[in-house]
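Rule-based calculations on the coordinates, nothing more; no lab input. Since the structure is predicted, the reported quantities are computational estimates derived from the model, not experimental observations. Here the Cβ positions follow ideal geometry from the backbone for every residue, glycine too, while neighbour counts run over all protein chains shown.
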Amino acid sequence: MRTSPRVSKPKVEKEQLWKTNDQRANKEGYRRNVYWVSGDLYRGEWKANKRDGLGVHLYNNGNRYEGEWKNDKQEVKGALLVVDGGKYHPLYKGGWKGGTFHGAGVLYGEQGEIYDGQFEQGMRSGLGKQTYWCPTSKAYHNYSGQWAKDKREGFGTLKKVNGESYEGLFKNDLRDGKAVLYYADGKSKYEGLWKEDQAVCGAYLKIDGGCLPLLEVEKSQQIADTFIAEAIQLTSNK
């Protein structure tokens, strides 16, 4: 004799039931353990049934957030920790706004890279310092300067592991504009213009004075005209 298969309640109905019961709870003040249907757990302060104040949120993937909350979102200051090999490691420590990185903070990379500076809407923006791992030399390049929307933008200094140092303008994360490149020998430098990470027009100079041969490039007039046109456009937009 056949029997009808057991029909379970749809997942959507279960989630809706959980939300309804959660609203009825009207949580206020400190609560030790509050669970989500996803497996998340929150321990901390509540206001008007929303996370508000100090609290720790444990995510179902093992990661955790420790810090301040406002209107159910990370706010003001906190730390996001990721679990690896059973141990917690910091991913981000610093300011928050509306659930994203904002203000002064420190972001940690998988290879030990560190960004220490300003954030806006979850992206590196403003002044900041960034280290870059170089697998060949097993050391870090260092950048210090301006950022916009997670890219180097404006004036900055890039010091490479090989001893070279670039001081000048960046655009869209590339060396672009007027700059000085100091060579590793400590005796010479290049002063001139860069375009999309390439030196295009300038002069090699000795640190203690005197000129080396000028740098010559193909279509130098075309490149110069492009820079002039961009400068005129920027001026007209102001």
Kindly state, to the nearest 0.05, the FRET efficiency for GLU28 paired with ASN63, given R0 = 25 Å and r defined as their beta-carbon distance.
0.40
Farthest toward the dipole's positive end in the stretch 62-217, which of ASN172, ALA203, ILE114, given Cβ charges of +1 (Lys, Arg) and -1 (Asp, Glu) about the Cα centre?
ILE114
If each residue of separation counts as 0.36 nm, what is the full-extension length gain between THR100 and GLU167 once their alpha-carbon separation is subtracted?
21.0 nm
Which value in nm describes the separation of the simple spin-label points at ASP185 and THR136, placed 7 Å from the Cα toward the beta carbon?
1.9
For GLN198 paired with VAL37, estimate the spin-label separation in nm (one decimal), with each label point 7 Å from Cα along the Cα-to-Cβ line.
5.7
Surpassing 30 Å at the alpha-carbon level, of the pairs LYS77/LYS178; LYS47/LYS87; LYS27/LYS149; LYS129/LYS195, are LYS77/LYS178; LYS47/LYS87; LYS27/LYS149
